[in-house]
1. Within segment 3-15, can one find any residue that is assigned to a helix (DSSP H, G or I), modelled with pLDDT under 80 and of a type in the set (Lys, Arg)?
2. Is it true that some residue in segment 49-68 is modelled with pLDDT of 65 or more and polar (S, T, N, Q)?
3. Could you check GLY32 against (1) modelled with pLDDT under 70; (2) more than 30 Å from LYS77 (Cα to Cα) and say which number it fails?
4. Please work out which one of (1) at pLDDT 85 or above; (2) touching an Asp or Glu at 6+ places or on another chain (Cβ under 9 Å); (3) hydrophobic (A, V, I, L, M, F, W, C) is the condition ALA96 fails and give its number.
Amino acid sequence: MVRIRMVAAAAAAAAALLPALALAQEQPPSVGVERPTTGSPSKGSTTTRAQRKAKTVEARKEGELVPAGGGGPAPAKSKTPSTMTKEKRKAETMEARKKGELVPAGGGGPAPAK
């Protein structure tokens with residue numbers, strides 16, 4: 001009786017794992033893993049992968065890469081520190097809220113007319 005239950009449990013476990021094992025595929029290498037390259041440009045290209053990668057790293061350091069999903073380059077960051085206090089910013093924001101001048105989150109345009 002115990003043997004039958006053990007055999008049934010083993011068969012159930014095997015049946016549950018069999019489809020997953022049958023469909024298992026080799027996982028692609030993780031990002032950042034160095035892959036061997038021939039050092040020559042690919043078909044239709046004049047630069048090697050190493051050259052493109054170095055150019056991308058340099059552009060990232062310079063802040064010239066376009067953000068994912070963005071249409072243009074990232075805006076330049078201000079190098080001068082803010083002269084406005086937190087309290088003043090909050091007061092101006094509250095005043096703009098009262099007047100209905102705030103742009104809706106994600107709107108990117110002027111506030112809707114009332």
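1. Residues of segment 3-15 that are assigned to a helix (DSSP H, G or I), as a first pass: 3-15.
Remaining after also requiring modelled with pLDDT under 80: 3-15.
Retained after the next criterion (residues that are of a type in the set (Lys, Arg)): 3, 5.
So far as segment 3-15 goes, yes, one or more of its residues are assigned to a helix (DSSP H, G or I), modelled with pLDDT under 80 and of a type in the set (Lys, Arg).
2. Yes - at least one qualifying residue is present in segment 49-68.
3. Failed condition: (2).
4. Here ALA96 clears every test but (2).
The values are calculated or read from the model by the stated rules, or taken from the named source; none is laboratory data. Owing to the predicted nature of the structure, the values given are computational and were not obtained by experimental measurement. Please note: Cβ atoms are built from the backbone with ideal geometry, for glycine as well, and neighbour counts cover all protein chains shown.
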